[in-house]
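See below for the structure under consideration.
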Amino acid sequence: MTNPGRRAVLGAALTATAAAATTTPASAVSPSSLRTAGRGRLTLPSGIQTGDVDTRSAVLWARSSGVGRMHARIGRQVVRGPWVGPDTDLTGKLVLPGLRPGVEYAADIWFEDERGREGERATAHFRTGSSGRAATSFVWTGDTAGQGWGINPDLGGMTAYRTMLETRPDFFVHAGDTVYSDGPISETVTEPDGQVWRNVVTPEVSVVAQDLDQFRGRHRYNRMDENVRAFSADVPVLAQWDDHETCNNWYPGEILDDERYTERRVDVLAARARRAWQEYMPITPGHVSGRGRSGFAEGRIYRKVSRGAHLDVFCLDMRTSKDPNTPGLEPDLRHILGPEQTEWLIREVTRSRATWKVISADLPLGIVVPDGAAQESLSNADPGKPLGKELEIARVLAAFKRHRVRNVVWVTADVHYCAAHHYSPERAAFTDFDPFWEFVAGPINAGTFGPNAMDATFGPEVVFSKAADYPNQSPRGGNQFFGHVAIDASGLFTASLRNTAGEVLFSRDLEPQRR
């Protein structure tokens, strides 16, 4: 990656950018009706982020300490964003269209109060995807602040984020469980060897999240960590959501049987959780506008992000349209993507002309993930023909083969260990697909588990895995994992799995195939 201190100038393209960014949304706060809290200038208590950076656009994100208007300076241009207030927990987003491909940008971000006083400034760095066949890299992982392992000041906080930053990736995929709303964090935890883990604790993270402020508080908590803030200021994120943003293994329509909750309708909890997630993640606002009859925000959070000639990334949503968790042995189709997303995925991957098509799934394909007597993921622990939710993925894989799609790689997190799986019809009960790889990495700051059993339906071979020394091992043990992908100018795809210290545990080079 190019030196992040270098500033880039947008030029004439920012004329259109400024016009788009200064449009105030309908939910904007009126500055005349609100007062900035306190007498000091506005600060950035949760740092800054960028996200959904493709070849020609980016999203800037920040949170203010009080009511104010978001601003950004790109080169010589100042772009005005929305007014922020309590309706978004003082968070704001600013979309920058019309950027140039393959350029590194520096964006100064700040808020102005209603008196026009400029607040604290911070600089975000990001690089747009190249339109040519240039080298690129990214990291991915999941599972932040889970199982009660939060920000430990004795260990320097969530240091695995610092390790990822040291690889200087072009972007980051957070493949779900961005927060753990269902996992209370206590001040201390005694580990099996007698060591005492000490957490930073806030009121919102000390209980399971049920109301909107508690869900928001989970996101505020993670952004208290200096490693997280430094990482997200320099590395754009493609954020996905999974179950723990709401509660463990949830599905639409579920009624919880958990005495910790006074609100047990998951649809109510998930609507609040999704609103908080949308406020705190720098996802393109157009994907998440509106409200549906089910209580969920309408609009897609699954999306394609083009990173240039060598790479398209497809971020899935395997939660919103998920059918109930069952043993998964139904002879007829059950959904994990839903019909609309399934059609979108087949269509967009087939149309992609990028050398590599990376599909980021918030649930794994072949790993068995039990939910009591039911199954949480699409696998059903039955090695035979596809059943239930497996039928939906079988349709996707068969369509890729039918359309002669090449160079598809799946990445995921969720299971709290790292692994490399190769899928082949030669080993499978279902054979109508081309071989592909799935790489698993996580957690980044949570309990480590695994390894899990594999479902043989799609013929996975466990080429490599690294799991916990014992179940729910704390981050102190060093078994926190992330994945790294480097694509060189020729298109060679190198995937590696790494630990907290940055050690490469496994690496595999993949040569691109002709379409």
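Considering only the stretch 313-338, state which residues are assigned to a strand (DSSP E or B) and in contact with a helix residue (DSSP H, G or I) (Cβ under 8 Å, 6 or more places away or on another chain).
Kept after step one, since they are assigned to a strand (DSSP E or B), are these residues of the stretch 313-338: 313-315.
Within the stretch 313-338, PHE314 is the sole residue that qualifies.
Restricting the first residue to the stretch 470-488 and requiring it to be free of Cβ contacts under 8 Å to residues at least 60 places away in the same chain, which pairs with a second residue that is aromatic (Phe, Trp, Tyr) meet a Cβ separation below 7 Å and a spacing of at least six or different chains?
These pairs meet every condition: PRO471/PHE449.
Among the residues of the stretch 393-429, what is the count of those that are more than 18 Å from ARG508 (Cα to Cα) and open to solvent by 40 Å² or more (accessible area, probe 1.4 Å)?
Residues in the stretch 393-429 being more than 18 Å from ARG508 (Cα to Cα) and open to solvent by 40 Å² or more (accessible area, probe 1.4 Å): 8 in total.
Sort through ARG260, ARG216, ARG265 and tell me the only one that's touching a helix residue (DSSP H, G or I) at 6+ places or on another chain (Cβ under 7 Å), basic (Lys, Arg) and either open to solvent by 10 Å² or more (accessible area, probe 1.4 Å) or over 23 Å from LEU44 (Cβ atoms) (or both). Walk me through it before giving the result.
Numbers: ARG260 fails: touching a helix residue (DSSP H, G or I) at 6+ places or on another chain (Cβ under 7 Å); ARG265 fails: touching a helix residue (DSSP H, G or I) at 6+ places or on another chain (Cβ under 7 Å).
Only one candidate qualifies: ARG216.
When GLY295 is evaluated against the numbered criteria (1) open to solvent by less than 40 Å² (accessible area, probe 1.4 Å); (2) at pLDDT below 95; (3) within 16 Å of ASP317 (Cα to Cα), which criterion, by number, is the only one it fails?
GLY295 satisfies every listed condition except (3).
Among the residues of the stretch 178-214, count how many are more than 18 Å from PRO443 (Cβ to Cβ) and part of a helix (DSSP H, G or I).
6
Under 6 Å between Cβ atoms, at least 6 apart or on separate chains: pull out the pairs that start in the stretch 83-102 with a residue that is within 24 Å of ARG274 (Cβ to Cβ) and of a type in the set (Lys, Arg) and end on any residue that is open to solvent by less than 40 Å² (accessible area, probe 1.4 Å) and at pLDDT 95 or above.
Pairs that qualify, where the first residue is within 24 Å of ARG274 (Cβ to Cβ) and of a type in the set (Lys, Arg) and the partner is open to solvent by less than 40 Å² (accessible area, probe 1.4 Å) and at pLDDT 95 or above, are LYS93/VAL59; LYS93/TRP61.
Could you please let me know if GLY66 is open to solvent by less than 10 Å² (accessible area, probe 1.4 Å) and either within 24 Å of ALA276 (Cβ to Cβ) or not aromatic (Phe, Trp, Tyr) (or both)?
So GLY66 passes the test.
Being part of a loop (DSSP other than H, G, I, E, B) and among the hydrophobic types (A, V, I, L, M, F, W, C): is that true of VAL396 here?
Details: part of a loop (DSSP other than H, G, I, E, B): no; among the hydrophobic types (A, V, I, L, M, F, W, C): yes.
Here the answer is no, as VAL396 does not meet what is asked.
Can you find a residue in the stretch 137-160 that is out of contact with any strand residue (DSSP E or B) (no Cβ under 8 Å at 6 or more places or on another chain), more than 28 Å from ALA270 (Cβ to Cβ) and crowded, with 16+ Cβ neighbours inside 10 Å?
yes
Kindly evaluate ALA446 against the criterion of being buried (at least 21 other Cβ atoms within 10 Å of the Cβ), farther than 22 Å from GLY328 by Cα and in contact with a Lys or Arg (Cβ under 9 Å, 6 or more places away or on another chain). Spell out how you get there, then give the answer.
Working: buried (at least 21 other Cβ atoms within 10 Å of the Cβ): yes; farther than 22 Å from GLY328 by Cα: yes; in contact with a Lys or Arg (Cβ under 9 Å, 6 or more places away or on another chain): no.
So ALA446 does not fit the description; no.
The values are calculated or read from the model by the stated rules, or taken from the named source; none is laboratory data. Small disclaimer: the values here were computed from a predicted structure and weren't measured. In this analysis, Cβ positions are derived from the backbone assuming ideal geometry, glycine residues included, and neighbour counts consider all displayed protein chains. Accessible surface is based on the protein model in full, side chains and every heavy atom, while ligands, DNA and RNA are left aside. Shrake-Rupley method; radii C 1.70, N 1.55, O 1.52, S 1.80 Å.
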